[in-house]
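A quick write-up on the structure given underneath.
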Amino acid sequence: MAKVLILGGGFGGVVAAEHLADQLGDEHQITLVSRSRQFVFYPALVRLAFGKAEPADVSFDLRHTLLNRRINFIEAEVAHIDPFERNVTIAHGEVEGKLPYDYLVFALGRRLATERITGFYEHAHHLLNVDKAISFGKAVKKFHKGRAVFGQCAGARLPVPVYESAFALARKLEEEGEREHVRITVASHTTLESELGDFAGAVTLKKALDAQQIEYLPNLSIDSLTRNSAMTKSGDAINFDLLMLVPPFRGSSAASYLGITDKEGYIHVDSTMRVAGLDRVYAVGDCTNFDGPKMGHMAVRQAEVAAANLAAEIEGRAPVSHYRHEMRFVIDEIGAGTIYLHKDFSINEAATVRQGHFWSWAKRVQEKYWQVSHS
Ligand SMILES: Cc1cc2nc3c(=O)[nH]c(=O)nc-3n(C[C@H](O)[C@H](O)[C@H](O)COP(=O)(O)OP(=O)(O)OC[C@H]3O[C@@H](n4cnc5c(N)ncnc54)[C@H](O)[C@@H]3O)c2cc1C
């Protein structure tokens, strides 16, 4: 019998647990530890902020869902991993102390390094969790004139909700007859092309921004905030009346002292999703060190690969699956201009870019599929 411990109850952890439960016999024990029993479907948080979804639509109870699949769930905080003694220290929660494992899947996501942006806590909105999305939504409701700024700090690696929020605000103001009273700006630490990793995608997105009179300011690395102004490293200031800013991301602090990460704290893995330099440990999702944006579909695919290889390892077989780094996303809230982009990072070819209402519908269907298959 093997004890498999999965850390993290997001896309990566949940999919790894489910696939392992499908592939391993009942004699093996699968346990998932996460600090919250709520799974959050993050791609829906822009719609939550703009009043198009309710909190109950974007999250579900993990314990119930996992137990139905014979996976134990522990609601607790992971503090420390000892890969040599093969145990995990749990700081507080339903259990405390050390949990032993035979095999580990690390899926703790990324950390928001808000401490790197002076004044972030006091002056910026973000929508990277349910509560913050709701409070940003309240600020949007009260906002009728002035300048709205949507931005990504250096290291943020999450462009989709930045653009979706800017488009959603433009649309809302248009519907309410207030668009002419508001200047909407998207500020980025880099260029559109390097944000999306593709020239054609950048051209399509720029045209969509222009069509909605949304200004795009590249190469502005915001590093401090006051009540109405964002300052950049080079001394520029951008004034705002409403600010939604994605802070820098860093790897999970639970992995930081193990010598398995790059300088931003992301874990080195090989294409089988095994952690380089450690036995019996796999890592999936936002915590790993792949290039480009950090996305849910990548976490899902990595979790499928890790589960297949971990099951093979337990049964004494060679790895059976390899991860290929691809990016797919839909930038919604543009109506008929909704953008779909697919890029395969392993080949040197332009991305596939499509536009149309269909992609907005497809994104919604994917959300419904998650809800139905997990509630
Ligand atoms: C607003 C928004 C919109 C997005 N839109 C899209 C989109 O359109 N398409 C797309 O593909 N992706 C999108 N993403 C990105 C996607 O949500 C992430 O890439 C995905 O959630 C990563 O999954 P993960 O399992 O690696 O990490 P997470 O989902 O972050 O899960 C990590 C889990 O670990 C738990 N955890 C962390 N630290 C600890 C600890 N110390 N102890 C115990 N538990 C801990 C957390 O509570 C969480 O359950 C969006 C993200 C946001 C925020």
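Which of the residues spanning the range 271-311 are among the aromatic types (Phe, Trp, Tyr) and either in contact with an Asp or Glu (Cβ under 8 Å, 6 or more places away or on another chain) or within 24 Å of Lys363 (Cβ to Cβ) (or both)?
Across the range 271-311, the qualifying residue is only Phe290.
Kindly establish whether Gly12 is within 9 Å of the ligand (Cβ to nearest atom) and either part of a helix (DSSP H, G or I) or within 23 Å of Arg86 (Cβ to Cβ) (or both).
Considered against the rule, which asks whether it is within 9 Å of the ligand (Cβ to nearest atom) and either part of a helix (DSSP H, G or I) or within 23 Å of Arg86 (Cβ to Cβ) (or both), Gly12 comes out as yes.
Would it be correct to say that Ala148 is hydrophobic (A, V, I, L, M, F, W, C), away from the ligand (no atom under 14 Å from the Cβ) and surrounded by 17 or more Cβ atoms within 10 Å (Cβ to Cβ)? Spell out the reasoning first.
Values: hydrophobic (A, V, I, L, M, F, W, C): yes; away from the ligand (no atom under 14 Å from the Cβ): yes; surrounded by 17 or more Cβ atoms within 10 Å (Cβ to Cβ): yes.
Against the criterion (hydrophobic (A, V, I, L, M, F, W, C), away from the ligand (no atom under 14 Å from the Cβ) and surrounded by 17 or more Cβ atoms within 10 Å (Cβ to Cβ)), Ala148 qualifies.
Could you give me the residue pairs with C-beta distances under 6 Å whose first residue belongs to the range 303-326 and is in contact (Cβ under 8 Å) with a residue 60 or more places away in the chain, whose second residue is assigned to a helix (DSSP H, G or I) and buried (at least 19 other Cβ atoms within 10 Å of the Cβ) wherever it lies, and which are 6+ apart or on separate chains?
From residues that are in contact (Cβ under 8 Å) with a residue 60 or more places away in the chain, the pairs are Ala303/Gly12; Ala303/Val15; Ala303/Ala16; Glu304/His19; Ala306/Ala16; Ala307/Ala16; Ala307/His19; Ala307/Leu20.
Name the strands (runs of 3 or more DSSP E) wholly within the range 196-266 that hold at least 3 residues that are of a type in the set (Val, Ile, Thr), touching a Pro at 6+ places or on another chain (Cβ under 6 Å) and farther than 15 Å from Phe150 by Cα?
none
I'd like the full set of residues that are out of contact with any Asp or Glu (no Cβ under 7 Å at 6 or more places or on another chain), within 19 Å of Gly109 (Cα to Cα) and aliphatic (A, V, I, L, M), limited to the range 67-81.
Val78, Ala79, Ile81
I need every pair where a residue in the range 26-43 that is under 17 Å from Leu104 (Cβ atoms) has its Cβ under 6 Å from the Cβ of a residue that is among the aromatic types (Phe, Trp, Tyr), sequence separation at least 6 or different chains.
Listed pairs, sorted by first residue: Leu32/Phe73.
Just to be sure I understand, how many residues within the range 327-355 are without any contact (Cβ under 8 Å) to a residue 40 or more places away in the chain, assigned to a loop (DSSP other than H, G, I, E, B) and within 30 Å of Arg47 (Cα to Cα)?
Result for the range 327-355: 1.
Given the criterion among the aromatic types (Phe, Trp, Tyr) and modelled with pLDDT of 95 or more, identify the matching residue among Tyr266, Tyr369.
Of the residues listed, the single one that is among the aromatic types (Phe, Trp, Tyr) and modelled with pLDDT of 95 or more is Tyr266.
Take the residues in the range 288-336 that are more than 28 Å from Leu209 (Cβ to Cβ), surrounded by fewer than 17 Cβ atoms within 10 Å (Cβ to Cβ) and aliphatic (A, V, I, L, M); name whichever of them is farthest from the ligand (Cβ to nearest atom).
Out of the qualifying residues, it is Ala318.
So which residues in the range 197-239 are at positive phi, of a type in the set (S, T, N, Q) and under 23 Å from the mean Cα position of the chain (by Cα), if there are any at all? Let's see the steps before the verdict.
Step one: list which residues in the range 197-239 are at positive phi, which gives 197, 213, 219, 235.
Subset that is of a type in the set (S, T, N, Q): 213, 219.
Result: Asn219, single match.
The values are calculated or read from the model by the stated rules, or taken from the named source; none is laboratory data. Note that the structure is predicted; figures quoted are calculated from it, not measured. For neighbour counting, all protein chains shown are included, and Cβ atoms are generated from backbone atoms with ideal geometry for every residue, glycine included.
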